[in-house]
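J.: Mind having a look at this structure? Questions to follow.
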Amino acid sequence: MADKFIVKNRKAWHDYEVLERFEAGIALVGTEVKSLRAGHVKLVDSFCQITGDYQLNLHQMEISPYKFGNIHNHKTDRVRRLLMHKREIVKLLSKVKEKGLTLIPLSLYYKGGKVKVEIAVCRGKKLYDKRSSLKAKDDKLDMNRALKHLNQ
């Protein structure tokens, strides 16, 4: 799927239950691409929103200013447009209208020289869901440690 990952949103996997994933392109300006290549991007607390004219926008993704940029450097907090076909956006809109569902970016990566965003339709986890997923993760780690100890 991805040639090379730029950044993954690990907090999204902790806070949300991922129901369905989609791939979208992203419209960037010149210095943003150079900052992405340097890895200066944060996806934590970012979300996607569909406007009335069927445009998919990415909010609160921070791309740091390019270190060697000039006066035409990009704004870090601007809203970025995601590129998908209209029929895909309509499909997403119908899913998001359900109560409690939202669009969250999971990762940024290169695919064929272009920057892509993996977005997902998600449902927020309750506190007890988070605890049970952490417990399952800890149990799996303990089991792997025990198996490793037995094999030695």
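J.: Of everything in region 56-76, what is more than 16 Å from the chain's Cα centre (by Cα) and more than 13 Å from residue 35 (Cβ to Cβ)? Give them in sequence order.
T.: Residues satisfying the conditions are 70, 71, 72.
J.: Further, regarding this structure: Give the residues of region 47-83 that are of a type in the set (Lys, Arg) and in a loop (DSSP other than H, G, I, E, B), sorted by residue number.
T.: 67, 75, 78
J.: Would you please name the residue that is farthest from residue 85 (Cα to Cα), looking only at residues in region 1-40 that are modelled with pLDDT of 85 or more and acidic (Asp, Glu)?
T.: Among those that are modelled with pLDDT of 85 or more and acidic (Asp, Glu), it is 15.
J.: Does region 80-99 contain any residue that is at positive phi and modelled with pLDDT of 90 or more?
T.: Scanning region 80-99 turns up no residue that is at positive phi and modelled with pLDDT of 90 or more.
J.: Let me ask something else. Of the numbered conditions (1) at pLDDT 90 or above; (2) more than 27 Å from residue 136 (Cα to Cα); (3) of a type in the set (S, T, N, Q), residue 102 satisfies every one except a single condition; which is it?
T.: Exception for residue 102: condition (2).
J.: When the residues of region 31-76 are narrowed to those that are in contact (Cβ under 8 Å) with a residue 24 or more places away in the chain and of a type in the set (Val, Ile, Thr), which ends up farthest from residue 117 (Cα to Cα)?
T.: If we take residues in region 31-76 being in contact (Cβ under 8 Å) with a residue 24 or more places away in the chain and of a type in the set (Val, Ile, Thr), then 31 is farthest from residue 117 (Cα to Cα).
J.: If residue 24 passes every condition in (1) in contact (Cβ under 8 Å) with a residue 60 or more places away in the chain; (2) over 23 Å from residue 3 (Cα atoms); (3) in contact with a Leu (Cβ under 6 Å, 6 or more places away or on another chain) but one, which one does it miss?
T.: Among (1) in contact (Cβ under 8 Å) with a residue 60 or more places away in the chain; (2) over 23 Å from residue 3 (Cα atoms); (3) in contact with a Leu (Cβ under 6 Å, 6 or more places away or on another chain), residue 24 violates only (2).
J.: Across region 77-107, what is the total count of residues that are aliphatic (A, V, I, L, M) and either farther than 22 Å from residue 6 by Cβ or without any contact (Cβ under 8 Å) to a residue 12 or more places away in the chain (or both)?
T.: Here the count works out to 6.
J.: In region 57-72, what residues are polar (S, T, N, Q) and either touching a Cys at 6+ places or on another chain (Cβ under 8 Å) or modelled with pLDDT under 80 (or both)?
T.: Result: 57, 70.
J.: Now for a separate question. Given the conditions (1) under 18 Å from residue 114 (Cβ atoms); (2) charged (D, E, K, R); (3) part of a helix (DSSP H, G or I), report the number of the one that residue 23 does not fulfil.
T.: (3)
J.: A further question on this structure: Among the candidates 33, 44, 18, single out the residue that is among the aliphatic types (A, V, I, L, M), assigned to a helix (DSSP H, G or I) and surrounded by fewer than 18 Cβ atoms within 10 Å (Cβ to Cβ).
T.: Result: 33 is the single residue among 33, 44, 18 that is among the aliphatic types (A, V, I, L, M), assigned to a helix (DSSP H, G or I) and surrounded by fewer than 18 Cβ atoms within 10 Å (Cβ to Cβ).
J.: May I pose another question? Restricting attention to region 108-152, which residues are of a type in the set (Ser, Thr, Tyr) and either loosely packed, with under 10 Cβ neighbours inside 10 Å or not in a strand (DSSP E or B) (or both)?
T.: Result: 128, 132, 133.
J.: When residues of region 79-107 are filtered for being of a type outside the set (Val, Ile, Thr), surrounded by 13 or more Cβ atoms within 10 Å (Cβ to Cβ) and under 27 Å from residue 29 (Cα atoms), how many remain?
T.: Looking only at that region, the number is 12.
The values are calculated or read from the model by the stated rules, or taken from the named source; none is laboratory data. Note that the structure is a prediction, hence the values are computed from the model and not measured. Glycine gets a Cβ as well: all are built from the backbone with ideal geometry, and neighbour counts include every protein chain shown.
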